[in-house]
1. I'm checking my understanding of the structure. Among residues of segment 1-42 that are of a type in the set (V, I, T) and in contact with a Cys (Cβ under 9 Å, 6 or more places away or on another chain), which one is surrounded by the most Cβ atoms within 10 Å (Cβ to Cβ)?
2. Which residues, counting only those in segment 13-69, are under 13 Å from R123 (Cβ atoms), of a type in the set (A, V, I, L, M) and part of a helix (DSSP H, G or I)?
3. Being at pLDDT below 95, under 16 Å from C11 (Cα atoms) and buried (at least 20 other Cβ atoms within 10 Å of the Cβ) is the requirement here; does V84 meet it?
4. Does S66 satisfy the condition of being in contact with a helix residue (DSSP H, G or I) (Cβ under 8 Å, 6 or more places away or on another chain), open to solvent by 70 Å² or more (accessible area, probe 1.4 Å) and at pLDDT 95 or above?
5. Among the numbered criteria (1) at pLDDT 95 or above; (2) open to solvent by less than 20 Å² (accessible area, probe 1.4 Å); (3) of a type in the set (S, T, Y), which one does S128 miss?
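The values are calculated or read from the model by the stated rules, or taken from the named source; none is laboratory data. These figures come from a predicted structure and were not determined experimentally. Don't worry about glycine lacking a Cβ; one is built from the backbone with ideal geometry, like all the others, and counts go over all protein chains shown. When the accessible area is computed, the model is the full protein with side chains, heavy atoms only, and any ligands, DNA or RNA have been set aside. Shrake-Rupley method; radii C 1.70, N 1.55, O 1.52, S 1.80 Å.
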Amino acid sequence: MSEPSTVAFVCVQNAGRSQMATAFAERERERRGLETLEIRSGGTRPADSVHDEVVEAMAEEGIDLSDREPREITPAELQECDYVLTMGCSASDVCPATWSGENRDWDLDDPHGESVDEVREIRDEIASRVVALFDELQSDETD
């Protein structure tokens, strides 16, 4: 990427889908050498901790989320983002009209309280979408 870009992954609790997406994006950024890409993650009403089933499913991928803490993301933070990706939850507390970049909703199931098998399916879908997003970002760079 020639210019720094900012991508945000937003959910209500910032305790499941957005945490997984952020972790996969951080891994992808490192793999591709995209040091200038800033990744943000947050929720409109953050939970106290990342969901246990999410921590377990991500550990299977070699990613430790046990020390991550859900955080609030503000409209001001989102306004600076090139891409805002919501996870399919009602993040209506944050109005998309205030975002300066592109916003997309990935419409993913909530992993909270689901079986590890179901969380794995959600995790794998998120991983696939993150890779596709990074492919697109790198393609846009060359256009």
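1. Ranking the qualifying residues of segment 1-42, first place goes to V10.
2. M20, A21, A23, V54, V55, A57, M58, A59 - these are the residues of segment 13-69 that are under 13 Å from R123 (Cβ atoms), of a type in the set (A, V, I, L, M) and part of a helix (DSSP H, G or I).
3. It is true that V84 is at pLDDT below 95, under 16 Å from C11 (Cα atoms) and buried (at least 20 other Cβ atoms within 10 Å of the Cβ).
4. Judged against the criteria, S66 is a match.
5. Of (1) at pLDDT 95 or above; (2) open to solvent by less than 20 Å² (accessible area, probe 1.4 Å); (3) of a type in the set (S, T, Y), only one is false for S128: (2).
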